[in-house]
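Working notes for the structure below.
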Amino acid sequence: MEKKILSFVVILSWCLCFAPANQGLFAQAVSATNSGMEQEITSEGGGGLELNLPYGYGDFIPGVTAKVSLPLELHPWENPSVQDVAAAIKLYWSNRLQLYGGNVSFGGPTSLFTTAAPTMTVNPLAAFSFPAATVTVGLPSFSGSSASYGGAVVASLGTGFAKDRINLWATGSQQQRFFGGLAVPLTLGEVQLQLSSAVGVWFLEEQLLDWEDAWYGTALPYHQIWLKGLAVEGRLTWNWMKLYGGAVLAEQPWGGFGYWGRLRFYLDVPVKLFPLQVLGGISGGRPDSITASGSRLRESFQSYINPQFTWDLREKIAGLKLKVGLAFGATIKNTDEECPQLFSDGKLRGGLELQFPRWRLQLVGDWLGIRLINQAVKESLRSQEKYGGTVKLTVNGGIPYFSLGLQGAGHYEKGVSVSKDKIVASGSVSISPKVSGRSLLFSLVPDLAASTEIIFSQAQGFRSAATEAKASWNMDFPLVKVGIWVALELKHTTQ
């Protein structure tokens with residue numbers, strides 16, 4: 001069995017590597033029509049280089065990390081065309097000072113300013129984690145899209161009354177958004193507390209109404225303008241409770257202030273027979289508030305509750321851990337009309353997880369887009385109503401030196417006024433080497449991933465299918481990492 005799998009890996013990687021030389025297989029855009037069916041094949045690839053010089057010394061010589069990513073369009077009959085070349089550099093003096101520049105992405109507190117209503121996934125098997133209190137900076141990935149130009153500085157100051165270091169940070173980007181903040185961790189007996197605050201200045205382009213909104217919409221137009229805002233956050237850990245809260249007060253382009261915030265909590269209830277964890281959250285704000293990214297807050301209120309039961313049966317049943325979860329969420333929105341109406345949709349998801357030392361199986365069932373309040377609101381404004389589920393299997397170590405991931409999903413989606421009911425089925429497989437400090441020869445074995453999605457509709461039957469296969473190689477040399485990837489996508493659609 002292991003030999004067959006290894007043979008499959010070698011054959012597939014050979015095909016993905018050498019197929020660009022075959023004009024009949026790889027093409028940037030190949031379309032054909034046959035019996036009402038349209039086919040399109042696209043291919044892309046690229047690579048990258050990462051240099052690490054961890055020789056920072058005292059207050060003088062910094063450590064250096066530099067990264068370059070080079071995505072390509074693959075044309076077998078022409079020279080490949082370079083797209084979105086990304087490069088960035090990081091200079092660091094131990095953990096006291098870090099400087100970033102180039103195509104970098106930001107996370108952590110900056111997302112409070114740019115995203116007023118986070119996506120409510122309502123995962124019944126989710127684990128709780130605190131958002132980063134200090135800005136996180138990402139260098140370009142070998143196979144990802146490049147971020148805009150930007151820079152950041154992160155400084156850590158002594159210990160003093162704080163258990164950990166006090167952090168100061170500042171960022172700026174090509175998008176004319178500038179943020180800075182402070183994070184202070186405290187320990188008060190059994191209570192661990194972390195307080196942080198940030199300020200921002202950003203530029204909004206002119207926003208005019210389109211013809212659809214001009215006669216009945218409530219959104220106000222505005223001219224290009226510089227705006228300011230303030231964010232505060234808090235994180236608390238105490239015995240069996242964890243609590244996070246964050247809020248933003250931001251100037252609005254037509255005057256006044258908008259505001260939004262979010263609250264998340266985790267309770268580990270000490271029940272002996274039925275170990276219970278409860279996760280939950282609330283987010284909301286002033287409707288129509290404009291964020292630093294120019295998006296408008298439509299979800300005036302979101303909430304979810306997620307109880308989970310976890311049993312550790314490893315001593316009784318071959319290392320088994322069992323988790324069962326049920327999650328329910330609700331979103332309250334406003335219609336974009338002269339006389340806006342409130343309506344609410346909900347999500348209900350249940351999950352079961354079986355975890356053994358070498359493999360994990362997850363089963364999740366979904367009922368999404370539940371009509372809760374004001375069912376008279378037109379369907380096009382509501383969330384898509386659908387039913388279905390997902391099966392996910394992850395194997396680590398079952399195959400020597402590899403991890404294997406398999407996932408399948410199917411959903412029945414109820415059509416809105418302009419579409420018919422449809423069924424969406426999808427699946428994916430991934431195979432990755434899992435060896436620390438692997439040799440160069442072993443690094444030549446690629447990470448493989450493939451996914452497919454098929455859509456059937458009530459009116460047309462088969463509508464479309466999309467399949468993507470991707471191979472990537474990550475090779476570690478002394479002080480240097482090299483990444484290469486190739487991807488092929490095949491689409492079939494009915495006319």
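Sorting check: for 264-271, 148-155, 102-109, which peptide has the highest mean count of neighbouring beta carbons within 10 Å, and how do the rest follow?
Packing order, densest peptide first, comes out as 102-109, 148-155, 264-271.
Under a point spin-label approximation (7 Å from Cα along Cα-to-Cβ), what is the ILE282-CYS339 distance to one decimal in nm?
Each label point is offset 7 Å from its Cα along the Cβ direction, giving 3.1 nm.
7 Å from Cα along Cα→Cβ at both LEU320 and PHE257: what's the point-to-point distance in nm?
Distance between label points: 5.5 nm.
About its Cα centre, how strong a charge dipole does segment 345-388 have in debye, to the nearest 20, once Lys and Arg get +1 and Asp and Glu get -1 at the Cβ?
It comes to approximately 100 debye.
Largest first, what is the accessible-area ranking of ILE305, ILE61 with a 1.4 Å probe?
ILE61, ILE305
Evaluate E = 1/(1 + (r/R0)^6) for THR493 and LEU49, where r is the Cβ-Cβ distance and R0 equals 35 Å; express this FRET efficiency to the nearest 0.05.
Once the sixth-power term is evaluated, E becomes 0.40.
Mind checking segment 301-345 for trypsin sites (Lys or Arg not before Pro) that DSSP puts in a loop (not H, G, I, E or B) and that have at most 16 other Cβ atoms within 10 Å?
Answer in residue order: ARG314, LYS316.
Roughly how many nanometres apart are two label points built 7 Å out from the Cα toward the Cβ at ILE373 and LEU188?
Label at ILE373, label at LEU188, 3.5 nm between them.
Charges only on Cβ, +1 for Lys and Arg, -1 for Asp and Glu: so what's the dipole of segment 218-343 about the Cα centre, in debye to the nearest 20?
With Lys and Arg at +1 and Asp and Glu at -1, about 620 debye.
For a label point 7 Å from the Cα of LEU381 along Cα→C-beta, name the residues of segment 282-298 whose backbone N is under 17 Å from it.
It comes to 287-289, 296-298, nothing else.
Considering only the other residues whose Cβ falls under 12 Å of the Cβ of ALA327, what net charge follows from Lys and Arg at +1 and Asp and Glu at -1?
+1
To the nearest 20 debye, what charge dipole does segment 234-293 have about its Cα centre, counting +1 at the Cβ of each Lys and Arg and -1 at the Cβ of each Asp and Glu?
260
Could you please report the charge total around TYR266, scoring K, R as +1 and D, E as -1 over all other residues with beta-carbon less than 12 angstrom from its beta-carbon?
On the way: positive: ARG235, LYS242, ARG264; negative: ASP268.
Counting the neighbours of TYR266, the net charge comes to +2.
The values are calculated or read from the model by the stated rules, or taken from the named source; none is laboratory data. Since this is a predicted model, take the numbers as computed values, not measurements. Reconstructed Cβ throughout: ideal geometry from the backbone, glycine too, with neighbour counts over all protein chains shown. Remember, those area values only see protein heavy atoms, side chains included, never the ligands or the DNA or RNA. Shrake-Rupley method; radii C 1.70, N 1.55, O 1.52, S 1.80 Å.
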